[in-house]
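Quick note: the coordinates plus some simple rules give every number you see, no bench work behind them. A quick note: this is a predicted structure, and the numbers were derived from the prediction, not measured. Don't worry about glycine lacking a Cβ; one is built from the backbone with ideal geometry, like all the others, and counts go over all protein chains shown.
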Amino acid sequence: MHKSNFSDWTLDLIDEAFGTTQLETSITLNKWLSCKYEATEHERISLLHLQSKLLIGGDNWNEVELENKFISPVFMIADFDSRKFAYFLERDMKTTIGEHEISGRIDGMIATGFRNPKKPFFCLNEYKKQRDPDGEPQGQCLIAMLAAQTKNANNKPVYGCFIIGKFWRFMILEDKNYAMSEFYLADGESIFDIFRILKGLKAIIEGFILEDEALLQK
């Protein structure tokens, strides 16, 4: 059994070890990215307030400051937390995929559960710089998504996002295929696209939970 941490993995290593393939496009990803949502006036004011802080000080924030001053507040405005699922921070995950025992701490995770995460639907990794001494951003995000897929064992897609400073990039994993969005810049008009995509994710997760509840009732 080979033991490793999420930070050890790159896209090349994941493809070689698990037979995953990066696709140029994905119907599921495109459907998620094109979801419809119009921010309320209160949401717009709140997002613009956060963005103003990012514009002034964001270039000098470290990862903890970026997470606490911008990323988490955006997720809180999107209002993921409920009795059925929530947005969790800095939670550990461990699973076995084939001959690999993989573990690590996920920066952000949306999962079923109220106090503790159970079934993860979404994994987020945040980096201050394009290249980090502790790993490759897209590789670390994908391996966390692969771990989530293994734990869930439900054939549903797993969603993800990695953030490099002001740049957000969304990901999808279905079976052994994954795809990535273009970059969205949080200090421009794309802040509203980022928020719309997060609200679309919330609707998707609510749909998954309704499906699972319906199956339990049969």
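Cα centroids of segment 53-75 and segment 140-218: 21 Å apart.
Think of each Lys and Arg Cβ as +1 and each Asp and Glu Cβ as -1; about the Cα centre, that makes the dipole of the chain roughly 660 debye. Residue order for Phe114, Phe70, Phe167, fewest other beta carbons within 10 angstrom first, comes to Phe114, Phe167, Phe70. Each of Phe162, Phe88 was scored by other Cβ atoms within 10 Å of its Cβ. Arranged with the fewest first, they read Phe88, Phe162. The calculated FRET efficiency for the pair Lys118 and Lys218, based on their C-beta separation and a Förster distance of 22 Å, comes to about 0.55. Measuring r between the beta carbons of Val64 and Ala203 and using R0 = 41 Å, the FRET efficiency lands at 0.85.
Select from the chain the helices, each a whole stretch of DSSP H, whose alpha-carbon atoms run 30 Å or more along the helix axis and whose Kyte-Doolittle mean is at least -0.5; answer none if there are none. Span-like helices in the chain: 190-217.
Computed from the C-beta positions of Leu89 and Asn5 and an R0 of 22 Å, the FRET efficiency is 0.75 to the nearest 0.05.
Sequence-distant contacts, meaning Cα pairs under 8 Å at least 6 residues apart, place the relative contact order of the chain at 25 percent.
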